[in-house]
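The block underneath contains the structure these notes are about, expressed in structure tokens.
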Amino acid sequence: MKLIRRLHLYLGCFFAPLLIFFTVTGWHQMFHDRQKNVGEGTTLWDRLADVHVDQIYVSESAMAFSPRAFQYLVVVMAIALIITVVLGVVLAARTLRRPWTVWLTLALGVVVPVLLLWLGQRR
């Protein structure tokens with residue numbers, strides 16, 4: 001259990017800033033149309049949207065753009081997020097006296113978003 005807790009802790013702490021970045025920029029894009037092409041943004045939000053969508057931070061001093069290294073980091077982040085979430089569920093199920101509450105909460109975490117998407121369909 002100590003190894004699982006430490007792995008969960010370190011993966012979560014290492015990737016937390018990047019996850020927060022993608023969450024904030026994704027939330028911002030959900031409510032604001034992205035009208036410009038890559039590199040045409042003038043505001044900080046436009047440039048951060050370029051990082052979120054195209055993995056490129058356009059700067060006047062850059063001669064060429066290669067997002068490959070950042071894309072690999074994002075893939076590693078996604079894998080680590082999945083591992084961290086699974087470890088968190090395992091820890092929760094093993095720590096609580098009533099593990100059925102973990103499974104009920106997980107089930108609600110699936111059912112509620114699906115229900116909201118289904119209710120939001122235009123007919």
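Work out how much length Thr23 to Arg5 would gain on full extension: take 0.36 nm times their residue separation and subtract the Cα-Cα distance, in nm to one decimal. All intermediate terms of the calculation are to be shown ahead of the outcome.
On the way: separation 18, 0.36 × 18 = 6.48 nm, distance 2.41 nm.
Residue separation times 0.36 nm, minus the Cα-Cα distance, leaves 4.1 nm.
Close amide H pairs (under 5 Å, H built 1.01 Å from N) link Ile56 with Val51, residues at least 5 positions away or on another chain. For segment 78-123, what % of the accessible area comes from carbon and sulfur atoms, probe 1.4 Å? Its accessible area is 74 percent carbon and sulfur atoms.
The values are calculated or read from the model by the stated rules, or taken from the named source; none is laboratory data. Predicted, not measured: the structure shown is a model, and the values here were computed from it. When the accessible area is computed, the model is the full protein with side chains, heavy atoms only, and any ligands, DNA or RNA have been set aside. Shrake-Rupley method; radii C 1.70, N 1.55, O 1.52, S 1.80 Å.
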